[in-house]
Structures are given as structure tokens and as C-alpha cells.
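Please treat every number below as a calculation from the coordinates, not as lab data. Note that the coordinates shown come from a computational prediction; the quantities given were computed from them, not determined experimentally. Counting neighbours? That spans all protein chains shown, and the Cβs are built from the backbone with ideal geometry, glycine included.
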Amino acid sequence: MKRLKESHFAYILLAPCILLVLLLIGYPMINNIIISFYKIPLNPKLPSDFIGLKNYIDTFSDINFYKSLVTTILFTASVVVLSTALGLFVAIYINREFKFKKTVKALIILPYIVPSIALIFSWKYMFNNIYGVVNYILVDVLHLFNAAPLWFDNEYSAFILVVLFSVWRFFPYAFISFYAILQTIDSSLYEAAEIDGANGWHKFKYITIPEIMPVLATIVTLRTIWVFYMFTEVYLLTKEVNTISVYLYMVAFARKDMGKAAAISIILFIIIFTIILSGRKRVLKDAGSE
């Protein structure tokens with residue numbers, strides 16, 4: 001009886017948070033699903049027309065949707081893999097004692113805490129074809145190019161630069177998470193493995209990886225969601241990388257087709273939810289088997 005009363009009291013304390021989540025997330029999501037079945041007029045005073053699945057059919061019939069989806073998948077995979085690997089490598093390297101360790105850690109997390117807009121325009125200035133320092137070094141100093149390349153005006157170089165920017169911008173998140181979990185691993189495990197003749201790779205494979213697997217699954221899950229929907233960094237850096245978030249923005253605010261934009265967002269939610277759910281189960285299953 002006492003436990004039952006405590007559980008009721010806990011639900012009472014959680015009620016405001018649950019209500020807030022339902023208002024901020026539940027209501028917009030339900031409203032978005034409803035909008036996806038309507039043609040929304042530009043004039044809010046005019047009634048909306050129910051068109052059924054037409055917005056979904058138009059989306060699946062649009063070749064630009066598939067192009068942007070493929071670009072987004074490539075972009076997300078590149079950024080998640082590279083930023084996670086770089087964060088893990090740096091965390092392992094930093095997980096020891098040396099001079100100026102605090103300064104190094106502060107410099108590592110600097111890109112993550114600086115406002116995105118400042119970093120974006122810094123990169124645009126660096127790669128500017130007239131006064132950018134990168135083109136100055138490559139053209140005027142090293143003479144690798146006859147003319148300054150337009151880095152953000154070419155779809156291939158723009159894609160590579162946006163990936164590099166995103167990796168540099170977000171790898172500190174992986175570094176912080178991995179560094180924290182590495183601090184909890186008992187050093188005696190590595191000492192015992194070394195006595196048994198294990199080399200660095202064996203210690204990493206059989207000790208480090210199993211210990212950090214839950215954190216790794218969380219990092220990959222969250223980073224996949226964030227990168228998949230990334231808009232600000234991509235849109236402000238270049239107009240040549242048409243990710244799904246940019247495509248959605250153009251449909252909603254350039255073409256003013258809110259119904260189709262709502263349908264696209266529902267499709268994307270289903271895609272990313274399925275990928276994350278299956279991927280996370282597989283990662284945790286592999287961790288449990290080890």
C-alpha cells in the first residue's frame with residue numbers, strides 16, 4: 001500500500017512535465033499529421049481542402065525528394081561515422097596525464113560551444129575566392145591552382161566542406177561522452193590484459209569497445225537524428241548541398257505548400273524512427289552478446 005501511494009505521488013509530480021511534453025510535442029505532431037491530408041491555402045482566412053493522400057503521392061512522385069534523401073543519407077553517414085571515430089580517437093589519446101591537459105580539452109570543445117553563425121561565416125571567409133586565407137595559400141603561396149576555386153559553388157567540393165565543417169563542429173560531443181566513460185573503466189583490466197600478452201588493438205577490441213558500447217549507441221542515435229535534420233549549417237554555408245531539410249524548407253516556405261511539407265516531415269519521421277530503432281537494437285544486441 002505504501003509503495004502504491006508513493007507511485008501515485010510520483011505520477012502527480014511528473015504530471016506537469018508530461019502535460020508540457022504533450023503540449024509542445026504531441027499537439028504539433030497530431031496537427032502536422034492532419035495538415036498532411038489537406039491543401040493549405042496561402043490566405044489563412046480561406047478554408048483548407050481535404051485531398052487525402054495526394055500530398056504523399058506527390059512526394060513519392062517527386063524526383064527531387066529522392067535526390068535530397070540520398071544526399072542526406074550520404075551526408076548523415078559521413079558526419080556520424082567521422083565525428084564519432086574522431087571523438088573516440090581524441091578521447092583515448094587525451095585519457096592520460098600530460099602538461100596543459102585542461103587547456104587542450106578546452107580547445108577541443110571550443111567548436112561545440114561557439115555559436116554556429118560565427119563558425120559558419122568564419123568558414124565562408126576562409127574559403128572566399130577573393131580574400132580567403134585558404135585560396136591565398138593554395139593559389140598565391142603553393143601555386144596549386146591557377147585561379148581561386150569557388151569552393152561553395154561546386155556541389156562536390158561544397159558537400160565535402162559541409163561534411164568537414166559538421167565533423168569539426170560536432171565531434172566534441174562524442175569526445176566529451178567517450179572521455180567521461182573512459183574515466184570509469186578500471187585500469188586493472190588493461191594491466192591484466194597486458195600481462196596476458198594483449199597488444200593495443202586487443203585491449204581496445206575486448207575491453208574498451210564493450211565498456212563504451214552503451215555510450216556509443218547513444219551517441220550514434222542522437223547524432224544521426226540531429227544530422228539527418230540539420231538545416232542551419234548546410235543552408236548558410238552553401239546552396240549546392242540539397243539535403244532533405246533544405247528540400248523541406250523550399251517546399252514549405254518557397255513554394256508555400258504546407259500540406260506537402262507536412263507529408264514530407266511525416267515520411268521522414270517514419271524513416272528515421274525505423275533506422276534508429278533497428279540500428280540501436282542491433283548495437284545493443286551485439287554488446288549484450290559480448
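Points to keep in mind about this one:
- The order of the peptides 157-169, 116-128 by mean Cβ neighbours within 10 Å, most packed first, is 157-169, 116-128.
- A straight chain from Trp168 to Phe231 at 0.36 nm per residue would run longer than the Cα-Cα distance by 21.0 nm.
- Calculated Kirkwood radius over Cα pairs in Å (choose from (1) 22.9; (2) 19.6; (3) 21.6), label: (1)
- Rounded to 0.05, the FRET efficiency of the Ile33 and Lys124 pair, given R0 = 41 Å and the Cβ-Cβ distance, is 0.60.
- Packing order of peptides 189-198, 97-106, 243-252, highest average first: 243-252, 189-198, 97-106 (average count of other Cβ atoms within 10 Å over each peptide's residues).
- Karplus-derived HN-Hα couplings along region 15-28 (A = 6.51, B = -1.76, C = 1.60, θ = phi - 60°), whole Hz, x at Gly and Pro: 4, x, 5, 4, 4, 5, 5, 5, 6, 7, 10, x, 5, x
- Long pairs among Lys45/Lys256; Lys101/Lys205; Lys67/Lys260, criterion Cα-Cα beyond 23 Å: Lys101/Lys205
- Amide H contacts for Tyr38 (H built 1.01 Å from N in the peptide plane; partners 5 or more residues away or on another chain; cut-off under 5 Å): Ile51.
- Each peptide in 18-25, 144-151 gets a packing score, the mean of other Cβ atoms within 10 Å over its residues, and the list from highest to lowest is 144-151, 18-25.
- Shown in residue order for region 134-149 are the 3J(HN,Hα) couplings computed by the Karplus curve 6.51 cos²θ - 1.76 cosθ + 1.60 at θ = phi - 60°: 5, 5, 4, 5, 6, 9, 7, 9, 8, 6, 7, 10, 6, 9, 5, x Hz (x for Gly and Pro).
- Taken about its Cα centre, region 63-289 carries a charge dipole of roughly 500 debye when the Cβ of each Lys and Arg holds +1 and the Cβ of each Asp and Glu holds -1.
- Computed extension gain for Phe9 through Trp201, at 0.36 nm per residue and net of the alpha carbon distance, reaches 64.1 nm.
- Rounded FRET efficiency, nearest 0.05, which uses the C-beta distance separating Tyr249 from Asn43 and R0 of 25 Å: 0.70
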